[in-house]
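Okay, so here's the structure we're looking at.
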Protein chains: 2
Amino acid sequence: MANSKLFKGSLNTIILKLLEEKGKMYGYEITQKVKELTKGELKITEGALYPALHKLEAEGLLEAEVAKVDNRLRKYYKLTEKGEKETVNRLAELEEFIRSMHNLVNPDWSIQ
Amino acid sequence: MANSKLFKGSLNTIILKLLEEKGKMYGYEITQKVKELTKGELKITEGALYPALHKLEAEGLLEAEVAKVDNRLRKYYKLTEKGEKETVNRLAELEEFIRSMHNLVNPDWSIQ
DNA sequence: AATTTATACATAATTTTCTTATGCATAAGA
DNA sequence: TCTTATGCATAAGAAAATTATGTATAAATT
């Protein structure tokens, strides 16, 4: 997509939020869900996603569970308790970020 | 700031928008203006700002002019014609980005 | 008077985070 | 049969930031 640069730094927050909503998801599912929600605008690459998932797991925010579906492996991730708390913080930061960007560039729409 | 990661990738757009509004600005002025507009939330570091300005200049989006004020050098930047056009694009992308993020994380406010 | 903070630029080393490329494997569709 | 889709993973490289360092003058503080 044209403005993929803008998404830099927001991947972790996106993952955490989706997991908060869905309960558990596997990697490929996340890439498809993001593509769907952004109407194809944001395509998360595997080279970005899997290392991000591994890191969040190493930080104790996610825990993984492998399942075999239709003879294919899926690695399901869900939030740990720590991850749930952190997600609240990250989303608050994201909201603050968007408000700040609004103040900076002041486009012709408002935030309610 | 806590969520500086989220701002990754948006520095160029911020610079272009501020210059569009102000006409011309120098580097230090940009850092102060951003700090003011974000209530201290975003502190642009010099190591990020100056290379970004140089790159935008090299791309032909900005042009620079050095002035001496109070025995101190200031390097004023302003948009070129190409830069003005590009700024329109970048702001449209930014708006699309913010709408996408909204769809993704669906906070409790709406965009009008 | 001396030191710190503010103003103003710049670059180098390092880190973070991404893209692109590669690899393996099974299932479905053309 | 070959391509696309599903599913994981890692390595090489690029991009964009942070942190550290350097130079210089002016203002403010101790």
at B:Asp70 the sorted inter-copy label distances (label 7 Å from Cα on Cβ side), in nanometres, are 6.8
Average Cα contact separation per residue, chain B, under 8 Å, 6 or more apart, as relative contact order %: 28 percent
For the pair A and B, total buried accessible area rounded to nearest 100 Å², probe 1.4 Å: 3600 Å²
Mind checking which chain B residue has its Cβ closest to the axis relating B to A, and how many whole Å off it is? B:Lys8, 2
Using only the alpha carbons, work out the radius of gyration and Dmax of the protein assembly as shown in angstrom. 19.9, 74
For A:Glu84, go 7 angstrom from Cα along the Cα-to-Cβ vector, then report the distances to that same point in the other copies in nm, smallest first. 5.5
As a check on your grasp of the helix formula, calculate [θ] at 222 nm for chain B: sum -39500 (n - 2.57) over DSSP H runs of n ≥ 4, divide by the residue count, round to the nearest 500. -18500 deg cm²/dmol
For chain B, take the alpha-carbon Rg, divide it by the Kirkwood Rh, and send me Rg/Rh. 1.01
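Note down the magnitude of the dipole of chain A about its Cα centre, charges +1 on Lys and Arg C-beta and -1 on Asp and Glu C-beta and zero elsewhere, to the nearest 20 debye.
The dipole magnitude comes to about 380 debye.
The values are calculated or read from the model by the stated rules, or taken from the named source; none is laboratory data. All of these numbers come straight from a predicted model, not from anything done at the bench. Glycine also receives a Cβ, built like all others from the backbone with ideal geometry; neighbour counts cover every protein chain displayed. We work out accessible area using only protein heavy atoms, side chains counted, and drop any ligands, DNA or RNA first. Shrake-Rupley method; radii C 1.70, N 1.55, O 1.52, S 1.80 Å.
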